[in-house]
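What follows draws every value from the coordinates through simple rules; no lab data is involved. Since the structure is predicted, the reported quantities are computational estimates derived from the model, not experimental observations. Positions of Cβ are backbone-derived with ideal geometry, glycine not excepted, and every protein chain shown enters the neighbour counts.
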Amino acid sequence: MAVEEHAKSDGVAAVPIRDKEDTFLLDCIESKLDSSSAVDLDQRSTIRPKGMVMAIRRPHSQDILDGRKPIEFRKSNFKQASQPIVCFIYEPSPTQAIVGLFTIEKLEERPVSELLDLGSMKTPSSKESLGEYYAEKDSGTAIFISETRRLQAPITLHRNNGDWAFTPPQNYYYVDPAEFAESLV
């Protein structure tokens, strides 16, 4: 992958330049989309597969990509009708980049007590740290991860011209996974 250097007010930054054949993002979600997006033509394609861009801080993002954290925990409860099938992992500062993605096996809303037990058994998170995260909440969501893919090079937030390559999420937002992936390559 070629790298171009460009001057910024705070120094020189290396920005990946993507080759046209470098379509790993599209390839890694293609089979998931194909199996999940079959819609009766009478519905006029009003139901589209969903994806999301989610902010996940280090070390949790790296634990997910390394396979040590098969469940991501969120305070928000997701509507089952809008369950996404793929999640792009955005690492906030200092990385400020899409670093990988995962496919979602299922989302489960559970009482906090169950989430604490699940987290302490299945993830590197301690029961105490999850308890602090869920303080004053009655329930939350467990996102069960089925497959992960680390990007060959993180996709940085800023393009060469200074524009944003994508909008950084505060928590998460929904996207059409194929359109979002294509906009990044």
query: Roughly speaking, what is the stretch gain from Asp176 to Asp66, that is 0.36 nm per residue apart minus the C-alpha to C-alpha distance, in nm to one decimal?
result: 37.1 nm
- line: So the FRET efficiency between Ser139 and Asp163, C-beta based with R0 = 35 Å and rounded to 0.05, is 0.35
query: Past the 19 Å Cα-Cα mark, which pairs from Lys50/Lys122; Lys69/Lys122; Lys75/Lys137?
result: Lys50/Lys122
message: Run the numbers for Lys75 and Leu184: contour at 0.36 nm per residue of separation, minus the present Cα-Cα distance, in nm.
response: 36.4 nm
